[in-house]
Amino acid sequence: MKHRILAVLAGLALLPVACNQTDSTPPAEPQQTAQAESAAPESPAASTQAPAPAPQASNPESQDPSAEQVGPIPVEAIEEKILALRGTIKSFTANIDVRFDSSQGEAWVKSHTFGPMAYLFEDDKILYRIDMTIETTRIAEGAEEKTVEPQTMMSDGEYMYQIGERNGRKAAYKARIDKLQSSVPTPEFFFFLHRDYDLSLLPDEEVDGKPCWVIRAAKISDEEVLRIKTITYFRQDIPLMVKTVNLDRFDNVMQVTQIKDIQVDVPVDRAQFEFRPEPDWEVMDQSTW
């Protein structure tokens, strides 16, 4: 299965994720383990996960701001502030925008993923739905292939699902919830982050006019090709990661994920988080794996 998915997630998690698809068939299987473990990654983060970086790649936007690291404030102190925001909102809607530009195997892949998202919080459960359009350009051996695919990622608070197409038919995967597959930071997210990444705190920045804490994560690995970095922006007023920048080992930007047009505590229809497959869908249940 050539196809790879956006992570975080659901864009969106701090760990790097790949959002591109290289064919127009099935949705990729949802991750069953922490993104950090599958990072070759994805995300974020991510997700699922980062393609092999290209040594020859260059990007004028790429900058590794580690030289600007803040001194006396430990990352753990900011983590406590981020987690303390949980429970301060009941719902939100937004739009996701993911742009990927890097090598994948022997091909160069550029993709743009976008679409509406909605989140609902019920006690310790996080319900979400992201309806995405994925536009991909894949260049290999002088040939260019373009695809446009719809995909949905969602969670009903009990399981997570990925819905797409396989051989012209609707197909879906059901899996156990991975708490890293969310735009909302969790204690589990930070646990795996500390385990697998070197972390540093960067100066605060604004995203869409809102102040954010900024954390840089550098992958711990003996293999140079896996030493990727991610810079993630956490809103200071709501429990949400609103931007991630994924860099390869040469500090070239591979992927930028943004959550825009955020509307907090707006009414959302709970029914949209319920998985209701049609009789002709192909549903693969991986929740018992």
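With the Cα gyration tensor of segment 163-289 giving a ≥ b ≥ c as the square roots of its eigenvalues, does the rule (a/c under 1.5 for rounded; else a/b larger than b/c for prolate; else oblate) give rounded, prolate or oblate?
oblate
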Taking 0.36 nm per residue of sequence separation and subtracting the Cα-Cα distance, how much length would be gained by fully extending the chain between residue 195 and residue 73, in nm to one decimal? 41.9 nm
I'd like the accessible area for residue 251: 1.4 Å probe, protein heavy atoms, all chains in place, Å² to the nearest 10. 40
Starting at the first residue of segment 253-259, write each ³J(HN,Hα) from the Karplus equation 6.51 cos²θ - 1.76 cosθ + 1.60 with θ = phi - 60°, in whole Hz, x for Gly and Pro. 6, 9, 8, 10, 10, 9, 10
So how far, in whole Å, is the C-alpha centre of segment 145-159 from the one of segment 161-235? 17
Taking 0.36 nm per residue of separation between residue 284 and residue 80 and subtracting their Cα-Cα distance, the length gained on full extension comes to 69.7 nm
Relative contact order for segment 161-289, counting Cα pairs under 8 Å that sit 6 or more residues apart, in percent: 24
For a Förster distance of 30 Å, can you work out the FRET efficiency between the beta-carbons of residue 95 and residue 223, rounded to the nearest 0.05? 0.25
Tabulate in residue order the Karplus-calculated ³J(HN,Hα) for segment 186-196, using 6.51 cos²θ - 1.76 cosθ + 1.60 with θ = phi - 60°, rounded to whole Hz; enter x for Gly and Pro. 10, x, 5, 4, 6, 4, 6, 4, 5, 5, 10
How far is it, in nm, from the label point at residue 122 to the one at residue 188 when both lie 7 Å from their Cα along the line to the Cβ? 1.8
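The values are calculated or read from the model by the stated rules, or taken from the named source; none is laboratory data. Note that the coordinates shown come from a computational prediction; the quantities given were computed from them, not determined experimentally. All Cβ positions, glycine included, derive from the backbone under ideal geometry; neighbour counts span all protein chains shown. Accessible surface areas use protein heavy atoms only, side chains included; no ligands, DNA or RNA. Shrake-Rupley method; radii C 1.70, N 1.55, O 1.52, S 1.80 Å.
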